[in-house]
1. Name the residues whose placed amide hydrogens come within less than 5 Å of the amide hydrogen of Leu83, ignoring near sequence neighbours (fewer than 5 apart) on the same chain.
2. What dipole magnitude, in Debye to the nearest 20, does region 6-152 give about its Cα centre under +1 on Lys/Arg Cβ and -1 on Asp/Glu Cβ?
3. Can you tell me which lysines have their Cα less than 25 Å from the Cα of Lys81? Leave out same-chain residues fewer than eight positions away.
4. Which residues make up the longest stretch of the chain clear of GluC sites (Glu not before Pro) that lie in a DSSP loop with no more than 15 other Cβ atoms within 10 Å, not counting the sites?
5. Jot down the per residue volume, in cubic angstrom and as a whole number, of the convex hull over the alpha-carbon atoms of region 30-96.
6. In what sequence do Thr138, Thr89 fall when counting other Cβ within 10 Å, fewest first?
7. Have a look at Ala40, Ala53, Phe148 and report the one farthest towards the positive end of the charge dipole of the chain, computed about the Cα centre with Cβ charges (Lys/Arg +1, Asp/Glu -1).
8. Based on other C-beta atoms within 10 Å, arrange Leu114, Leu133 from fewest to most.
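What follows draws every value from the coordinates through simple rules; no lab data is involved. Quantities reported herein were computed from a predicted structural model and do not represent experimental measurements. Note: ideal-geometry Cβ built from the backbone for every residue, glycine included; neighbour counts use all protein chains shown.
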Amino acid sequence: MAELPTLVKRTLQAQVIGPIHAEMVAQIGEEKANAILDAAIRKAAIAEGKSFAAKAGGQTSMADFIKLYDLWTADSALEMKVLEATDTTFNFDITRCRYAETYKEMGLGKIGHLLSCNRDGTFCQGYDPNITLERKQTIMEGAPCCTFRYRYEEPKAP
């Protein structure tokens with residue numbers, strides 16, 4: 001079965017998560033509701049990363065990770081400017097984010113970072129823990145662009 005474009009998956013998920021989050025806020029408050037949502041989404045991102053690693057037969061690499069971005073950018077979901085793409089580095093800026101636009105249109109802009117942005121680095125923990133993300137800003141949180149700086153570091157010898 002073909003993989004759904006990620007923007008479609010996130011929109012469908014947000015249609016379900018949005019009302020659940022709203023009810024949690026009403027019942028237990030925004031801070032606790034956000035913490036629960038954040039923890040659940042991060043666990044889901046790690047599991048999704050593991051699933052993609054399993055599809056690759058456990059033989060992950062930065063090159064294969066870069067190819068996964070076809071799913072995240074499908075249907076013009078992201079406009080990106082690639083700065084560097086090597087076996088150990090994948091640096092780019094997102095100049096337009098339809099994820100942020102979609103969440104705002106759905107009235108979920110306040111939790112968009114929990115629904116999508118927090119997945120980005122966490123996904124790597126499941127996919128390949130040697131890949132890490134440093135990001136200083138996101139469009140979701142009001143910046144003019146998102147800064148993605150992925151690094152692959154060889155595991156240290158014991």
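1. Residues meeting the amide H criterion: Asn91, Phe92, Asp93.
2. On the way: 18 positive and 18 negative charges, 26 e Å.
My answer is approximately 120 debye.
3. Those lysines meeting the cut-off are Lys9, Lys67, Lys104, Lys136.
4. 4-140
5. 123
6. Least to most surrounded, the residues fall as Thr89, Thr138.
7. Result: Ala40, furthest along the dipole toward the positive end.
8. Leu133, Leu114
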